[in-house]
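The block underneath contains the structure these notes are about, expressed in structure tokens.
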Amino acid sequence: MPSENVDVPPEAWSGVHRGPLRVGEWVRLVDTKGRKHNICLEAGKTFHTNRGGMDHDDLIGRDEGFTITSTSGGEYLVFRPLLSEFVVSMPRGAAVVYPKDAAQIVAMADIFPGADVVEAGVGSGALTCSLLRAVGPHGRVQSYERREEFAEVARRNVNQFFGVPNEPDAPGHPAWTLTLGDLAEELPASGMRCDRIILDMLAPWECLDAAADALRPGGIVCAYVATTTQLSRFTETVRVHGGFTEPQAWESLVRDWHVEGLAVRPGHKMIGHTAFLVTARRMGPGEKAPRKTRRPAPGAYGEDYTGPRPEGIPPVEPGPTA
């Protein structure tokens, strides 16, 4: 039986360590009011809070999961940060994909070890960390980002999570490539074939043709969009394309619960709408999925609708005005 203190093998690229805390690791301190601090351990350094200071040397060499008391009597829990905790507190360029949505993407887009995954855009690197964790060192994540400042923030965050030095010549995660540019142009030029494509951008429908050409038969495209207008435009574009199965759209809401004895009730805070997710599977070459037999709701594609129209639904002429 392996020792409980044997570290996770570096070649696993998990972003996780076992055993005593060491210099250069990040730890998460949580006080009795739930306030959180992430610090990088450095020998001889002191971390100061409004409840006094704590020497890093008092944390280094101990197994995580203990309580430390500051010089003014404040108590703090000490753990290594989870991936879900890291991404909500890391520096941001663009908005992050929240853990609840990253979990849905990994599960519902079926991101598997060894998968070839394309991501656009990279944002602050939150979803990238989850994708790299899911594909493992034998998979591949090809990320595209149009804005250089976002790409640089994402690179620093991903490197920090996986323990890669943020130096220009330092080798990064072996499964990750970050390209500065537009997926709609760069992906076709690369000739890459992939199993999954994740589109986190303002106009994902603009990349659908490039995604369709790159996806292997049975592959999945997944769009992460914030508004109902984006949701409608992307979903209808997938339908009109014809090379995908019927798109599935949903959102997830997370509500915590207060539990104390018989006082069991919903919490006062919840993570409500963050974004919509849409998935569809790529058909084989020259194949088309059966058309939906259910008629659209009256007015669904009425005179006010200006987006793509499925086959067999003609435009509606405006009625007479008063």
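The values are calculated or read from the model by the stated rules, or taken from the named source; none is laboratory data. Note that this is a predicted model, so its numbers are computed, not measured. Please note: Cβ atoms are built from the backbone with ideal geometry, for glycine as well, and neighbour counts cover all protein chains shown. SASA here: full protein model, heavy atoms, side chains in, ligands and nucleic acids out. Shrake-Rupley method; radii C 1.70, N 1.55, O 1.52, S 1.80 Å.
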Fill in the blank from the handout: Taking placed amide H atoms and a strict 5 Å upper bound, the residues 5 or more places from Ala226 or on another chain that come that close are Phe276
Completion exercise
For the chain, the accessible surface attributable to carbon and sulfur atoms (probe 1.4 angstrom, ligands and nucleic acids excluded) amounts in percent to 53 percent
Handout entry: Residues of type aspartates and glutamates that Lys269 reaches as a straight line, Cα spacing below 17 Å, ignoring anything fewer than 8 places off in the same chain
Key = Asp256, Glu260
Handout entry: Nonlocal amide H pairs with Val8, under 5 Å, H built at 1.01 Å
Key = Arg18
Fill in the blank from the handout: Under a Gaussian network model of the chain whose springs join Cα atoms within less than 10 Å, the largest fluctuation of Asp304, Asp31, Asp209 belongs to Asp304
Completion exercise
Sorted list, accessible surface of protein heavy atoms, 1.4 Å probe, largest first, for Met108, Met54 is Met108, Met54
Handout entry: Area accessible to solvent at Val122, 1.4 Å probe radius, in Å²
Key = 10 Å²
Fill in the blank from the handout: Diffing region 132-149: the Karplus 3J(HN,Hα) column from phi (6.51, -1.76, 1.60, θ = phi - 60°), in whole Hz with x for Gly and Pro, holds 5, 4, 6, 7, x, x, 9, x, 8, 10, 9, 9, 10, 9, 6, 9, 5, 5
Practice task
Can you bin the chain into rounded, prolate or oblate? Criterion: square roots of the alpha carbon gyration tensor eigenvalues sorted a ≥ b ≥ c, rounded for a/c under 1.5, prolate for a/b above b/c, oblate for the rest.
Solution key: prolate
Handout entry: Accessible-area ranking of Leu178, Leu82, Leu215, largest first, probe 1.4 Å
Key = Leu82, Leu178, Leu215
Problem - Between region 105-149 and region 1-76, the Cα center-to-center distance that results, in Å - result: 28 Å
Practice task
State whether region 218-292 is rounded, prolate or oblate according to the following rule on the C-alpha gyration tensor (a ≥ b ≥ c being the square roots of its eigenvalues): a/c under 1.5 gives rounded; otherwise a/b larger than b/c gives prolate, and the remaining case gives oblate.
Solution key: prolate
Practice task
Have a look at the DSSP beta bridges in the chain and tell me what percent are antiparallel, nearest 5.
Solution key: 65 percent
Exercise for the section: Convert each backbone phi in region 81-89 into a coupling constant with the Karplus relation 6.51 cos²θ - 1.76 cosθ + 1.60 (shift: θ = phi - 60°), then list the ³J(HN,Hα) values in order as whole Hz, x for Gly and Pro. Expected result: x, 6, 4, 5, 7, 4, 6, 7, 10
Practice task
Leaving out ligands and nucleic acids, note down the accessible area per residue over region 68-111 with a 1.4 angstrom probe, in whole Å².
Solution key: 45 Å²
Handout entry: Test item: Cα-centred dipole of the chain, Lys/Arg +1 and Asp/Glu -1 on Cβ, debye
Key = 880 debye
Exercise for the section: Would you check the accessible area of Ile68, probe 1.4 Å, heavy atoms only, in square angstrom rounded to 10? Expected result: 20 Å²
Handout entry: 3J(HN,Hα) from dihedral phi, region 53-70, Karplus parametrisation 6.51/-1.76/1.60, rounded to Hz, x for glycine, proline
Key = x, 9, 6, 4, 5, 7, 9, 5, x, 9, 6, 4, x, 10, 10, 10, 10, 6
Exercise for the section: Starting from the amide H of Phe79, placed 1.01 Å from N in the peptide plane, find each other amide H under 5 Å away whose residue is 5 or more places distant or on another chain. Expected result: Arg28, Gly65
Exercise for the section: Have a look at Tyr224, Tyr144, Tyr305 and tell me which one the Gaussian network model of the chain (Cα, springs below 10 Å) gives the largest fluctuation. Expected result: Tyr305
Practice task
Take Phe276, Phe234 and sort them by solvent-accessible surface of the protein heavy atoms, 1.4 Å probe, largest at the top.
Solution key: Phe276, Phe234
